[in-house]
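Engineer: Below: one structure in structure tokens.
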Amino acid sequence: MSHGLDSHLISAQAQAMGIPIIQREVTWDTYEHGFKAVMLELKEQGVEGVVFGDIDLQQHREWDERVCGEIGIKSILPLWGWDAEKVITNFIALGFEAIVVAVKADLMGKEWVGRRLDQGLVQDLRQLQERFELHLCGESGEYHTFVTHGPLFKQGIKIVNAQRVLKDGRWLLDILSYRLESR
């Protein structure tokens, strides 16, 4: 929800990786209930834990651990405590490709939306850090990305048509069309 992406695009991402996906329609008010319901279904199928990408926001870790604990599955946080710069540079070095799909408008302008996550973007984020309190990986929602290709992908996602839109204090990349491509 915070990425501003259509659920069909998330399905396409799973298809590009060749993995199954479970999606449920929720609101911010029903998110936790919906999350628990899906995880209980998966637990019945033998799933014992869930992996979260949180790095260092204690409130996120507490939510992950509380919710998972309440339904009896393990919360796994492999990036917890890593240096943010190491996380982002390793992501790029491993060959993942991503684009910025949402930014907080009070921190970043519309020109950030649609940019590729590369060393140039990281350098620009560092400069922005000098002026604002900003997490290099966007942990506080400063920006969000969408992964279009990488080592886990069997196909890439090519964004064919998109536009920048300002909504609720955020610049979003409204992806109007895309296609899966072999690489």
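Engineer: When you look at Val87, is it aliphatic (A, V, I, L, M) and over 29 Å from Arg116 (Cβ atoms), yes or no?
Structural biologist: The answer is no for Val87.
Engineer: Six or more apart or on different chains, Cβ under 8 Å: which pairs go from a residue in the stretch 106-125 that's over 21 Å from Gln163 (Cα atoms) to one that's of a type in the set (D, E, K, R)? Could you list them?
Structural biologist: The qualifying pairs are Val122/Glu85.
Engineer: Considering Glu139, Glu133, which residue is at pLDDT below 95, assigned to a loop (DSSP other than H, G, I, E, B) and over 18 Å from the mean Cα position of the chain (by Cα)?
Structural biologist: Being at pLDDT below 95, assigned to a loop (DSSP other than H, G, I, E, B) and over 18 Å from the mean Cα position of the chain (by Cα) holds for just one of Glu139, Glu133, which is Glu133.
Engineer: Which of the residues that make up the stretch 64-82 are surrounded by 13 or more Cβ atoms within 10 Å (Cβ to Cβ) and either among the aliphatic types (A, V, I, L, M) or under 22 Å from Leu136 (Cα atoms) (or both)?
Structural biologist: Scanning the stretch 64-82 gives Asp64, Val67, Ile71, Ile73, Ile76, Leu77, Leu79, Trp80, Trp82.
Engineer: For Leu173, state whether it is of a type outside the set (Val, Ile, Thr), surrounded by 19 or more Cβ atoms within 10 Å (Cβ to Cβ) and part of a strand (DSSP E or B).
Structural biologist: Yes.
Engineer: Of the residues Val67, Val26, Val47, only one is β-branched (Val, Ile, Thr) and not in a loop (DSSP other than H, G, I, E, B); which?
Structural biologist: Val67
Engineer: Give me a count of the residues in the stretch 57-92 that are in contact with a Gly (Cβ under 7 Å, 6 or more places away or on another chain), within 18 Å of Thr145 (Cβ to Cβ) and not aliphatic (A, V, I, L, M).
Structural biologist: Within the stretch 57-92, residues that are in contact with a Gly (Cβ under 7 Å, 6 or more places away or on another chain), within 18 Å of Thr145 (Cβ to Cβ) and not aliphatic (A, V, I, L, M) number 0.
Engineer: Looking only at the stretch 131-147, count every residue that is surrounded by fewer than 19 Cβ atoms within 10 Å (Cβ to Cβ), among the hydrophobic types (A, V, I, L, M, F, W, C) and within 25 Å of Leu9 (Cβ to Cβ) and tell me the total.
Structural biologist: 1
Engineer: Among the residues in the stretch 86-104, are any crowded, with 16+ Cβ neighbours inside 10 Å, among the small types (Gly, Ala, Ser), modelled with pLDDT of 95 or more and in contact with a Lys or Arg (Cβ under 6 Å, 6 or more places away or on another chain)?
Structural biologist: yes
Engineer: Considering each residue of the stretch 1-44, count those that are over 30 Å from Ala105 (Cβ atoms), among the acidic types (Asp, Glu) and surrounded by 11 or more Cβ atoms within 10 Å (Cβ to Cβ), and give that number.
Structural biologist: Selection size over the stretch 1-44: 1.
The values are calculated or read from the model by the stated rules, or taken from the named source; none is laboratory data. Source: prediction; values computed, not measured. Quick reminder, even Gly has a Cβ in these numbers, built from the backbone with ideal geometry, and neighbours come from all protein chains shown.
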